[in-house]
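Please read the structure below before turning to the comments.
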Amino acid sequence: MNQAFGLTQLWSQGDWVTRFVALLLLIMSLASWMVIITKALAIRRAASQAKAVESFWHGSDLADGLNKLGGETDNPFRQLAIEGREAAAHHRQQSSATKPQLHDTMDISDWITRCLRNSIDESIAKLQSGLAVLASVGSTAPFVGLFGTVWGIYHALLSIGMAGQASIDKVAGPIGEALIMTALGLAVAIPAVLGYNALVRANKGVTQKLNRFAHDLHAYYVTGARVGTGATANVTPLKKA
């Protein structure tokens with residue numbers, strides 16, 4: 001691109017409004033790419049952790065199964081198993097207590113379901129954190145760029161009017177520089193929209209795996225055995241820890 005009519009010229013000839021819009025678009029772009037990269041890595045890690053779920057059911061006992069899930073504190077599958085274990089143990093202890101609490105009126109199935117659901121909701125909230133940034137950038141960046149274009153054209157026309165020259169060679173440069181702001185807005189918005197859609201789709205996959213694992217955990221903590229299917233007929237029943 002000719003430096004006479006490029007981004008350098010746009011920055012040097014623009015006023016503080018034009019520069020503010022350009023900086024705002026730059027910040028929005030950096031924020032969206034930061035969210036895309038960090039959330040993509042988190043989803044990739046969660047998908048890798050999900051592969052250890054089947055190994056959990058082949059553990060010799062619950063402690064061994066938890067070890068097979070991994071020791072990461074941010075592992076949603078490990079947290080789900082621990083939450084279910086603590087819910088089952090807590091319900092049994094409170095059921096035999098002399099001073100019952102309100103949740104003691106719930107049976108163990110409902111109590112474990114509630115605790116597992118809370119754990120899943122927390123994991124989903126962590127996975128979805130930052131997506132609002134992508135949604136905001138994707139929806140507002142084109143309009144921010146358009147505002148910069150309108151302001152740039154207005155500023156260019158004022159300069160041309162004051163100079164008293166309206167030939168095509170005098171108009172093309174300033175107007176073209178102003179239109180760059182629209183292109184910058186689209187360049188910021190398109191990756192944010194595509195990244196948002198991809199992350200939402202990937203989050204749904206992780207959520208489905210969490211729900212399936214929670215269903216099996218619920219059956220195990222309530223009945224002492226995983227829900228049996230043809231594919232899991234040889235799963236070793238876990239001993240409660």
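The set of residues in region 21-47 that are among the polar types (S, T, N, Q) and in contact with a Gly (Cβ under 9 Å, 6 or more places away or on another chain) comprises SER32, THR38. If the condition is being loosely packed, with under 14 Cβ neighbours inside 10 Å and either part of a loop (DSSP other than H, G, I, E, B) or touching a strand residue (DSSP E or B) at 6+ places or on another chain (Cβ under 7 Å) (or both), then region 113-134 contributes only SER129.
Consider ASN67 carefully, then state whether it is at pLDDT 85 or above, polar (S, T, N, Q) and under 13 Å from VAL206 (Cβ atoms).
no
Tally the residues that are hydroxyl-bearing (Ser, Thr, Tyr) and buried (at least 16 other Cβ atoms within 10 Å of the Cβ), restricting the search to region 135-147.
So the count comes out to 1.
In region 73-106, the qualifying residues are those that are part of a loop (DSSP other than H, G, I, E, B) and at pLDDT 80 or above, and the one that is farthest from PHE213 (Cα to Cα) is ASP74.
Which of the residues belonging to region 50-65 are more than 18 Å from VAL222 (Cα to Cα), of a type in the set (A, V, I, L, M) and in a helix (DSSP H, G or I)? Talk me through it step by step, then tell me what you get.
Initially, region 50-65 is screened for residues more than 18 Å from VAL222 (Cα to Cα), giving 50-55, 58-60, 64.
Within this subset, residues satisfying the condition of being of a type in the set (A, V, I, L, M) are 50, 52-53.
Selection gives ALA50, VAL53.
THR223 passes every criterion in (1) surrounded by fewer than 16 Cβ atoms within 10 Å (Cβ to Cβ); (2) modelled with pLDDT under 65 apart from (2).
The values are calculated or read from the model by the stated rules, or taken from the named source; none is laboratory data. Here the structure is a predicted model, which means the values were calculated and not measured. Positions of Cβ are backbone-derived with ideal geometry, glycine not excepted, and every protein chain shown enters the neighbour counts.
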